[in-house]
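> Structure in structure tokens, see below.
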Ligand code: PGA
């Protein structure tokens, strides 16, 4: 069986500051993507840039994601953004339950509602899970199991293949070093087992990504040894000079 192309989600977070810089960063990403035909790339820009980036992009290789959105279809939610609006602006994917949203108070129940709403709109939810710390006992497995259970509680077994799981240990996000591929491999086995317990054997096929301090030096090892099909990249994807090195490193080993 041919290996599927690795999926790299470029999470720009709340960057850059201006539309001008956003266009420059996107242009650099586009060039990097052209040099990396064996890599699938999803760009998750701040929502205010999404529609125009999508409209101006003439290629087919880059897909777009929203970084977050509310589950409700509309209503009195000042400052909110709905999934339908993100889809209308050009998103195919949506990050759900990113650690930085959970840290601001998003509950697992809200995350679960977003996953259901995204599937109903035919958006691909990227459910982000991950423990805040690793202690010596194996509590972190329980934390991940709880997030998976709540995040997927409304998902039918038949739909589980439409959800991407991004495992992002909070202690490795925005830090110096990523988790080791060996530990990721162990976690991927745990995630798959948990999903099979919850949703049946179809969940064996679920696609798992890793995120947390991924860069050009560790990305391809993580993809080869971490039992993941993709990566969620923050800082390295926000730097015009580095997105190309990241995709090249992956392309060379794809
Ligand atoms: P980082 O962020 O690559 O800067 O650690 C990853 C993420 O939060 O998705």
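Quick note: the coordinates plus some simple rules give every number you see, no bench work behind them. Just so it is clear, the structure is predicted and the values come from calculations on it, not from any experiment. Glycine also receives a Cβ, built like all others from the backbone with ideal geometry; neighbour counts cover every protein chain displayed.
> Can you tell which of 212, 226, 230 is within 10 Å of the ligand (Cβ to nearest atom) and closer than 19 Å to residue 10 by Cβ?
Details: 226 fails: within 10 Å of the ligand (Cβ to nearest atom); 230 fails: within 10 Å of the ligand (Cβ to nearest atom).
Exactly one residue qualifies, and that residue is 212.
> Going through 22, 32, 36, 28 one at a time, which residue ends up being farther than 29 Å from residue 226 by Cα and out of contact with any strand residue (DSSP E or B) (no Cβ under 6 Å at 6 or more places or on another chain)?
Selected residue: 22, the only one of 22, 32, 36, 28 that is farther than 29 Å from residue 226 by Cα and out of contact with any strand residue (DSSP E or B) (no Cβ under 6 Å at 6 or more places or on another chain).
> Mind listing whichever residues of the range 156-189 are more than 16 Å from the ligand (Cβ to nearest atom), surrounded by 13 or more Cβ atoms within 10 Å (Cβ to Cβ) and over 16 Å from residue 140 (Cβ atoms)?
Residues satisfying the conditions are 157, 159, 160, 161, 162, 163.
> Okay, moving on. Has the range 192-201 got any residue that is within 16 Å of the ligand (Cβ to nearest atom), in contact (Cβ under 8 Å) with a residue 12 or more places away in the chain and either over 18 Å from the mean Cα position of the chain (by Cα) or surrounded by 18 or more Cβ atoms within 10 Å (Cβ to Cβ) (or both)? Quick ask: steps written out before the conclusion?
Of the range 192-201, the ones within 16 Å of the ligand (Cβ to nearest atom) are none.
The answer is no; no qualifying residue exists.
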